[in-house]
1. Filter the stretch B:125-147 down to the residues that are more than 30 Å from residue B:87 (Cα to Cα) and surrounded by 20 or more Cβ atoms within 10 Å (Cβ to Cβ) and list them by number.
2. Answer yes if at least one residue in the stretch B:157-174 is more than 26 Å from the chain's Cα centre (by Cα) and at the interface with chain A (Cβ under 7 Å from one of its Cβ atoms), and no otherwise.
3. So, restricting to helices (runs of 4 or more DSSP H) that lie completely within the stretch A:1-110, which ones have at least 1 residues that are touching a strand residue (DSSP E or B) at 6+ places or on another chain (Cβ under 7 Å) and more than 30 Å from residue A:364 (Cβ to Cβ)?
4. Scan the stretch B:123-147 for residues that are facing another protein chain (nearest Cβ under 7 Å) and in contact with a helix residue (DSSP H, G or I) (Cβ under 9 Å, 6 or more places away or on another chain) and jot them down.
5. Suppose we keep only residues that are touching a residue at least 24 places away in the same chain (Cβ under 8 Å) and surrounded by 24 or more Cβ atoms within 10 Å (Cβ to Cβ) within the stretch A:91-102. Which one would you say is farthest from the other protein chains (Cβ to nearest Cβ)?
6. Does any residue of the stretch B:245-257 turn out to be part of a helix (DSSP H, G or I), more than 20 Å from the chain's Cα centre (by Cα) and farther than 20 Å from residue B:274 by Cβ?
7. Within 12 Å of chain B (Cβ to nearest Cβ) and either over 21 Å from the mean Cα position of the chain (by Cα) or on the phi > 0 side of the Ramachandran plot (or both): does that describe residue A:351?
């Protein structure tokens, strides 16, 4: 019996989607220098994107976007947060027909997945929490609300005390909705447990970042990004345990003097629009071209879980306040009108990681990041740090163009290094 | 620099000239042209309070003793004054607003307080730029979901703060009297405009559609709201007089609704094209037009000063149709109600490049209008004039399609 058009379309979507994800996983695996213990992270990405399976949990899942949704609250409701920001090219091409042409590819990919109804991580969500951080997120929240249960979080434009108070109210409201959806009451104990789970993962992350800073390098940035991306689909404690093993192997590598390379590669920092699996073409290109992603200031990378919630008052309200403060005060997201602290954060990362050049990633249509480019270019210019703006989309058509620009940028950094330290591009990748 | 000034002057004067030529028999209309001219070319102006965009209740600013100086965009010339300051994909309205602020040898904004309603990303980031330049800013961060439990309260608190900030800037106390007075002034002006728009609807033989939009836009250029209200009423009378003298003998053009990005003076290529293509604008559905509908009943003008501000915030947040919301239900309802009443044969959905929120809203509007078999024509453009001929061809095709629909309906009935 012949299949229907919809069945054929779905089949084509699944084939293309899984092929792309498998290809990028293979490229990651082929990249030398992966630390021991990275397999569970690859397995998670494979499970979600190649096998198109459900998240490995028996709990209800709550979809989240952006870094402002506190995972602690979701764990406290005995559910699991799943970050739904997507980097999928195939879903993007479907979303291209639904969302406006100039919408950012991340939002188009989300719209595409929701439209096909084929991606279990999206379909399983009991609720989606959408912080309104930009115009696209604002409008996609409205669009998603027609298709599933959606709660929005109004992210204030400034971070004054009154704004934090307003956000605290919203977190209480979110708490009620989570209780309704999961049927579980959020108690002092369950919230504390949520803090413990996320806190453990954050502790392991801070260790990982400390080890990642080592010179010579113990891990490549692309591998680190795969690890950080997989956090979206793993329970925090499981992810933390897996990361602990990676940290142990990195510690062992220090004592064994086993590094990614003995050569001095140009140290590059990535900042700007998020890098979401499988759209990891830029970090892969950087490292395939002979650079190393030594710094990462993106919200799906280190920034995503970097800041721990600091509890100064150990009452229930104190914990909610800690979550609100953590979500807004240290966050260098360009959604805030005054985002000077992003510049401080970048300068801090440049100093700590001895960065030699910055790649400013702008996803087409991501206006908020584009607006901040000029100021950052000026500020980093004062430090004599070269910056290039790379605009890209969710497809592979621009790969060669990006390759040439990244190659030229890496050459430029090499030329700035003292002569004896100039190294050639590695041929053995 | 001279080139930029020339572009600005040419566009401004061309639009004014065409408006004058098309409506020369209306003596009362000239006052509005003069108002627009003097707004653009008056020197030595140093406004106290500047508002970027229109999505703010001006009655609160007036209650605090200031007359708002509006910057609402609309000019290709002013876009060129901000070209190096914003990313390539920034929408022309935000560019134009920033351009006006950076216009050389013009208005002195050094002591101004900038009120910025954050309806989109560009406004958010422009606010940061202005703050970095040392300008005094006051933000109105509109809660995007009206269904949230604390949204109204949050909005009301912000409006109270806005009032206090303006009051501190102008050193004028907000009182119950000043608030009621501002509410009355604004209500009168909006009611006069609503009357004018209703009276002049469909009388393209007396006043063109672009002139009707222009009268509406001139609200944001006047330095005296009372005088503006008086002149709108006079113009209404004049239109009414001509209408009573003769019936519209012009060919009854297909009636359309213009929705999406608001059309702002002097960039009138869309209304001019609509007229050239043989169409008539029955109604506009954008947040600037829908603002006209926010008026205050007598019962809302009683109570303490705080109660009055709460009433203003309540009405405004309930009926604001700006794209600041996740779901723009106010706009959908308005379009749905208008279409149900009849008289609309098609919708021209105007999207300015970069104003992505309107594009997102289009899907729902299209779905809704398809139930009434009303065709929607999406027209994307910016403030440049290079695409005029392309748009003209498309607009003419749309006009022909609407005319065909008429014949088809007549044939069906017969």
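The values are calculated or read from the model by the stated rules, or taken from the named source; none is laboratory data. Just so we're clear, the structure is a prediction, and the values are computed from it rather than from any experiment. All Cβ positions, even for glycine, are placed from backbone atoms using ideal geometry, and neighbour counts span all protein chains on display.
1. none
2. No: zero hits.
3. A:71-76
4. B:124, B:125, B:128, B:139, B:141, B:143, B:144, B:145
5. Looking at residues that are touching a residue at least 24 places away in the same chain (Cβ under 8 Å) and surrounded by 24 or more Cβ atoms within 10 Å (Cβ to Cβ), I get A:91.
6. Checked against the condition, which is being part of a helix (DSSP H, G or I), more than 20 Å from the chain's Cα centre (by Cα) and farther than 20 Å from residue B:274 by Cβ, the stretch B:245-257 yields at least one hit.
7. In short, no.
Rundown of residues vs (1) in contact (Cβ under 8 Å) with a residue 12 or more places away in the chain; (2) surrounded by fewer than 22 Cβ atoms within 10 Å (Cβ to Cβ), yes/no style:
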| residue | (1), (2) |
| --- | --- |
| B:320 | yes, no |
| B:336 | yes, yes |
| B:390 | no, yes |
| B:397 | no, yes |
| B:400 | no, yes |
| B:407 | no, yes |
| B:410 | no, yes |
